[in-house]
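*Asks:* If you scroll down you'll find the structure; I have some questions about it.
The values are calculated or read from the model by the stated rules, or taken from the named source; none is laboratory data. Quick caveat: nothing in here was measured; it's all calculated off a predicted structure. Counting neighbours? That spans all protein chains shown, and the Cβs are built from the backbone with ideal geometry, glycine included.
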Amino acid sequence: MFKHEITILKDTFSRLLRRHAQTNLIKLINKTHPADLAIVFRYFDDEQQIQVFDLMENPEHTIEFLVELDDTLIEKLLILKNSDRIAKIIKYASTNDQSYILGALENDQAQSVIDLLNAEEQEEIEEIMAYPDDSAGSMMATDIFTLHQNTTCSEALHTLQDQKDAEMVFYLYITNADDILVGVASLRALATTSGSTILKDIMIKKVHSVRPETDQEEVAQIVAQYNYLAVPVVDRDNQLLGIVTVDDVVDVIREEATEDFLQMAGAGKDREILLKSSWENAKTRLPWLLASWVGGIIAASVIGAYENMLESIIALAAFIPVIIGMGGNIGTQSSTIIVRGIATGRIEIGNEFKILFKELQVGLILGILYGIMLGIFANFKFIETDPMIGLVIGLSICCSMLIATGVGTFTPLVLRKLDIDPAVATGPFVTTSIDILGVLFYFIIAGSLLNI
C-alpha cells in the first residue's frame, strides 16, 4: 500500500474506533490485507490494539496478521488471551508460523497452548522450536512433499493437483528409494516436458541445500546469490526436512540489516527497541555508550597533557572538533562499507588486504584534499599566528583521516577472523578510538613543527 492509502486507512480505523462502530470495524478488518493491517496497527495505542484484535474473527486472516507483527506486539496481544483461543488461531498456521507465534509467548503459556493441539502437531512444533533461534530449522516450512525420481511427468502433475496445502510448489523435490534428496525440478520444466518422461531425466542434480543448524543469514545469502524461491533443509543423511521460502528470507534480510544498523549506531541489536520502555531502552544503550564515555575521558586527558601548547597557540584549540569530526565520519563510512560488504558476501576470505589497501588509498586522497583546504583556511583565519599552523592543521587532518579509514576497515575484518559479529566494530568503538588517535597525532605534529 502507498503511504497516502495507509494514512486514509489509519484515519478510517481511528474514526470507527472513536464511534465504537464494531460492525463497520469488523467489515474493514476483513477487507484489509493482513500486511496493511499490521502497518496501521502500530499507530494505535494499547487499548485500540486490543479492541481491534478482539474483533478479528477469521482465524486464517488473524494468523496472517500475527506473523507480520514483531515478537513484543504478539506477546502483548496474546498474553491476556486464554490458551483455547490461541490454539484455535494457530491451528490454521504452517508449522514455522506456529513456532514463531509460540516463541513470542512466555514458556508456560506457550506450553499450555501446545498441550491443546493433537499429538502430531505437538511433535512438529516441538521439533521446530528445538532448533536454535535464527537458524534454517527454526524458520523452515515442513508442509512439503517429494516425488520419486522414477515418477513420470504426467503422474507428477496428477500428484501435484492433490497437494493443496503444500508449501512452494514452484520447485519439485525429488528423492530416491532411500528418501534421499537427489534432485530438484521446476514446475515450468514439469509442465513443458512430455508426460512419459521420468523426473530423473529433467531434474537438476546439484541441489543447494542447508542443514537445520545453518544460520538464517547464510540462507539469505544463498537465496540472494542464486535467485532461488526456496532452499531445501536436509539432515545428515540428506533427507528433506523442510524448505525455507523466499518470503521468509526477505524478512530475514530486513531483520539482519536492522540489527547491523542498530549495532553500528551503538544501540544494541534488539530489533524491537522502539517498542521497549524508556528504562529498557536506556539499559540496552548504556554499555555501548560507556565506550564513548571512557574514550572521551582518555581524549580529555590527552588534551590536558598538552595544555601548555594550547595556551601558547590558542588557535590549535579551534581545530580540535574538526580533527575529531572528520576522522570519525570517514571511519564510520569505512566500517559501514566493510560490515555491509561482509553481510552481503562481497568481501571474501583472502581479499582483506586488498580491501584494506584500497580504503587506505581513499583515506589518503580525501585526507590530502581536505588537509590542503583546511590548511589554507587556517593560515587566512589566523594570519598573525605562526605560518606553520596551516601545515600542522593540514597534516593532522590527513593523518586523522588516514588512521580513521585504517581503523574503520581493519577492526571489522579482525573481528570476523575472531568469529565475532563485525557490526559491533562500528559506532562508539571505532569513533572513540579514532578520536583518541586523532587528537594524539594532532598534538604530536603540532609539537614537532611549531617548536613549542
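*Asks:* Of all residues in the range 1-22, count the ones that are of a type in the set (S, T, N, Q) and within 16 Å of Ile50 (Cα to Cα).
*Replies:* Step one: filter the range 1-22 for residues of a type in the set (S, T, N, Q), giving 7, 12, 14, 22.
So of that shortlist, the ones also within 16 Å of Ile50 (Cα to Cα) come out as 14, 22.
Selection size over the range 1-22: 2.
*Asks:* Being among the β-branched types (Val, Ile, Thr), in contact with a Leu (Cβ under 6 Å, 6 or more places away or on another chain), in the same structural domain as Asp70 (by TED's automatic domain parsing) and closer than 22 Å to Val67 by Cα narrows it down to one of Ile26, Ile39, so name that one. Step through it out loud before you land on a result.
*Replies:* Working: Ile39 fails: in contact with a Leu (Cβ under 6 Å, 6 or more places away or on another chain).
Matching residue, one of Ile26, Ile39: Ile26.
*Asks:* Do any residues in the range 90-110 that are of a type in the set (Lys, Arg) have Cβ atoms under 9 Å from those of residues that are in a helix (DSSP H, G or I) and modelled with pLDDT under 85, where the two are at least six apart or on different chains, and which pairs are they?
*Replies:* Matching pairs, first to second residue: Lys91/Glu121.
*Asks:* Quick check: is even one residue across the range 351-372 at pLDDT below 90, touching a Phe, Trp or Tyr at 6+ places or on another chain (Cβ under 9 Å) and more than 30 Å from Tyr226 (Cβ to Cβ)?
*Replies:* no
*Asks:* State yes or no: is Thr409 touching a residue at least 24 places away in the same chain (Cβ under 8 Å), farther than 16 Å from Thr336 by Cβ and not hydrophobic (A, V, I, L, M, F, W, C)? Steps first, please.
*Replies:* Values: touching a residue at least 24 places away in the same chain (Cβ under 8 Å): yes; farther than 16 Å from Thr336 by Cβ: no; not hydrophobic (A, V, I, L, M, F, W, C): yes.
For Thr409, the condition - touching a residue at least 24 places away in the same chain (Cβ under 8 Å), farther than 16 Å from Thr336 by Cβ and not hydrophobic (A, V, I, L, M, F, W, C) - is not met.
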